[in-house]
Structures are given as C-alpha cells and as structure tokens.
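What follows draws every value from the coordinates through simple rules; no lab data is involved. Keep in mind it's a predicted model, so treat the numbers as computed, not measured. Cβ coordinates were reconstructed from backbone atoms using ideal geometry, including for glycine residues, and neighbour counts include every protein chain displayed.
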Amino acid sequence: MKYAIQPDVVSAHNDKLASDLNRDFEVLGEQLSRKGVDINALTEKAQAFDIAVPSWGTGTGGTRFARFPGVGEPRNIFEKVEDCAVIHQLSGCASAISPHFPWDVVDDFSELKAHSDSYGLSWSSVNSNTFQDQPDQAQSYKYGSLTHTSAAVREQAIAHNTQVIEWGKKLGSDTLTVWVGDGSNHPGQQHFQRAFERYLDSAKAIYAALPGDWEMHLEHKMFEPAFYSTVIQDWGSNILAAMETGERCKSLVDLGHHAPNVNIEMIVSRLIQFKKLGGFHFNDSKYGDDDLDSGSIHPYQQFLIFNELVDAEHRKQPGFSPAYMLDQSHNVTDPIESLINSAIEVQRSYIKALLVDRTTLEGYQQDNDALMASNTLKGAFNVDVSPILAMARFRKNAAINPLATYRASQYREQAAVARPDTGGSRSGIV
C-alpha cells in the first residue's frame, strides 16, 4: 500500500510519545474501571469508528466576497485523494472519500479507483450538483433545478443525478446525496405546493434509476441561496419527501442547515424512530451555515446528537445504519489540519456518548429526576477521552499527535512545490 507520508516519520513521532500515552491510558483505565467500564472495549470502538472526508473540503473555501487559496492545494481529484490519504493515515478514522460531481469527473474512473485503492481508501456517498450552472450547460438553474417550472430544466437535473449514480457505481459507492438550492427570494415568487410537487416527481424519477442496493439521501437547508423560502427547508419537508419517494430514500442531516437553536438531537431521534435517518454532514455553526470545524463551537450539542445515536445502537433499532461525513469550509486554516481535527472531534463525541450509563439514565428519566438525568449526560461529556483516541490511533499505526506529525512531515511544503498554482483550482466551496 502507498503512503502519503512515510511511515517512519509517523513511527518516529509515536516512539517519543508512546511511554506517556501508556501512562495516561493506564490512569484513565483505572478511573473507568471503578465505574465498570472497560477501556480496551472503548478503544476497540474508537478503532472501528470511521467518517468520510469530502473531496471539496481538501481545498480552501471562501465567501461571497473572496477566496484566499493556500499553497499546495489539490488541483484535481487525484491530488484530493492524496490529501485524503494523509488525513486517514494520521487520524486513523477517515478511510472514505465523498466526491462531488461534476467537480470530480474524470475521463477514466477505473484509473481513479485504482489510485484510491492504492492508498487503502474507499468511496462513500456521491453528491450531485444542480445548484450552479456548468460550462456548455443547455439549461440554467438560476430559478431552480428539480423544482423548476420548466420541464426541460427538471429533466436536465434528473439526468445529471442519474449520471452521478453511474459514476458512483464505477467507484464502488452505494449512496446518492441530493441537495438543491431551489426556492424563492421574494414573497409570491413561487407557489409553495406546486414547487414541492415538482420536487417529489423529480425525486421519484431519480429514485427509479437507483440500483437495488443503493440509498438516496435528501439534504435539507433552511436558507441560502433562496432567502425567502427553500423547497426542502427543514427535516419536516425532508422526511415527507423521503417517505413519498421510497423505502431506500432517507434524510440527511447537515448540522449547519437548521435555524439557530433548533434541537437537532431531537430531530435525529425522530428520524431514527421512523427509519429515515440516512446520515450526517458534520460541521459547526455560530450564526448560520458557517461550515466551521466540527466541535469548534458546540461540542456539547455534538455529544448530545451522538447520545441519541448510541442510544439507537444500544437499543438495536431496526434500520439504523447512518453514514457519517464531514462537510466544512476552511478559510484560514490548512484544510488537512482542520479535517484531521474535525474527524477526531466527531470520534471524541462518539466515545463520550458510549460512556453514558444507559440504565442509570433511564431510571432517572422514569422517575422524572431532571437534574440527575442531566448530570448523567454531563458526567460522560466531562470525561477526557483523549488517551483512548490516541491509543486507538497508535494501535492502528496512525499518529499519536496527528498535527505535530503532519507539520513535521512538511507535506504541505512539498505539495506547494509539486502543485504550482495555476489559478485554476476547483477545490473548496466559494
């Protein structure tokens, strides 16, 4: 197998830290054992945890005002794969890539698949793009795509999604994610019900092209680029559309796509209950769809979401198998560093949620003991599980200290030489 960073660089850094890690791990293990928790069982769970990396996240993002690209950014999907290989090699928990089409289209998908295979990476959900016009596109999406009043525009958007499925099949994917920016910017601009009817008809046409072992995930977003109304604006419209479309059509939750202060963990619970939780796009938010690094603003909220996920896992709820993916925009940081950090922070929330004493919590809930129920969650959240995460990485030959190892490898500096700026990078989201 190929490595983006030489393994001896990783092992040399690990050798310096292994002794301290073993001591920290032993101390935490003793503390957890007094609560009846097996630290090695938790470490195995951390080792098994995996989250997909978005291909577009490896490049610098931007705003509606400007984009300030960094050095050594990937200029094509092959170089994005190399950056994703670094993220997984150092974090040990990001072995899949989620591509976006047509941004990541190549002439030979077998060559791309062989390239990712050589790094031990797989492909997760494929994402379609009908929220912007492409060169030589016959119809414009300015006024919508799957919900457009023009049948010709809708047919073009449906055809693109079915083509994305074909590209995904070549990579070994088994999920199509559909997000549209369709909506309106002025009252009266759009007939709400007719627009939703057109969306449902389009979604069903795409679903009909779905292979029998695939899922279709619908993504909702409250606003932007449509600021007055969005056709799939919240989880309510999302689950209704998923239920209308088909059994293998499910809802995808992006943490930044809700109104401020919405109870996302309760939404997650509802979707699980009705077997319609398809997966997540993990990020964080201060004001809106900020696409900030996961866990950078609301780590407790992320933990509470995982509390619901672990509860479903604990209860062995049927149909529960959500896909986890990062979806972020990095404007002032090295995207590789932010994605490594984010993958580990999501993993951290998962392990903390596993620490919740379910029997005790259920007892307090049954007794309506609000304070102790809350404290049970807080007790798990306040445990520093860093030694568990570090040990999981160490046991998988990943990096005990990923960021220090990454910087010492000088991967970014080497990429700057190998990838001179051509002014044509398609990485990141602007």
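Observations
- log10 of Debye I(q)/I(0), alpha-carbon scatterers only, for the chain at 0.06, 0.09, 0.13 Å⁻¹: -0.25, -0.58, -1.20
- Antiparallel content of DSSP bridges confined to the chain, in %, to 5: 10 percent
- GNM top mover of Lys204, Lys378, Lys352 - the chain, alpha-carbon springs below 10 Å: Lys378
- Built amide H within the under 5 Å cut-off of Trp123, gap 5+: Ile97
- Chymotrypsin sites (Phe, Trp or Tyr not before Pro) restricted to DSSP loop in segment 34-90 with at most 12 other C-beta within 10 Å: Phe65
- Relative contact order, whole percent, for the chain stands at 24, derived from Cα pairs under 8 Å and 6 or more residues apart.
- Sequence-distant residues sharing a close amide H with Phe282 (under 5 Å, placed H): Met325, Leu326, Asp327
- Residues considered: Val86, Val332, Val153. Largest GNM mean-square fluctuation over the chain, using C-alpha springs under 10 Å, is found at Val332.
- Entry note, the chain: the mean residue ellipticity at 222 nm calculated from DSSP H runs of n ≥ 4, each adding -39500 (n - 2.57), is -15500 deg cm²/dmol after division by the residues and rounding to the nearest 500.
- Between segment 13-58 and segment 124-143, the alpha-carbon center distance in angstrom: 42 Å
- Whether segment 43-100 is rounded, prolate or oblate, judged on the alpha carbon gyration tensor where a/c under 1.5 counts as rounded: prolate
- In loop segments of segment 155-253 as defined by DSSP, the GluC sites (Glu not before Pro) with at most 13 further C-beta atoms inside 10 Å of their C-beta are Glu247.
- Charge dipole (the chain, unit charges on Cβ, about Cα centre) - positive-most of Pro318, Leu42, Phe223: Pro318
- Karplus 3J(HN,Hα) series, Hz, for segment 134-141 with 6.51 cos²θ - 1.76 cosθ + 1.60 (x for Gly, Pro): 10, x, 6, 6, 5, 10, 8, 9
- Here the Karplus curve 6.51 cos²θ - 1.76 cosθ + 1.60, taken at θ = phi - 60°, turns the phi angles of segment 56-70 into couplings of 6, x, 6, x, 5, x, x, 10, 6, 9, 6, 9, 10, x, x Hz, with x standing for Gly and Pro.
- Stokes-Einstein diffusion coefficient of segment 1-81, Kirkwood radius over Cα pairs, 37 °C, 0.692 mPa s, in µm²/s: 192 µm²/s
- Neighbour-count order for Cys93, Cys84, fewest beta carbons within 10 angstrom listed first: Cys93, Cys84
- GNM on the chain, alpha-carbon springs under 10 angstrom: the most fluctuating residue among Ala373, Ala159, Ala94 is Ala373.
- Between segment 149-195 and segment 69-100, the alpha-carbon centres lie 27 Å apart.
- By the count of neighbouring beta-carbon atoms within 10 Å, fewest first, Lys316, Lys221, Lys35 end up ordered Lys316, Lys35, Lys221.
- Per DSSP, loop chymotrypsin sites (Phe, Trp or Tyr not before Pro) in segment 173-282 with at most 15 further Cβ within 10 Å: Phe227, Tyr228, Phe274
- Prolate/oblate/rounded call for segment 123-195, Cα gyration tensor, a/c under 1.5 rounded: prolate
- Overall, the anisotropy analysis places segment 91-223 in the prolate class: the square-rooted eigenvalues a ≥ b ≥ c of its C-alpha gyration tensor yield a/c not less than 1.5, with a/b exceeding b/c.
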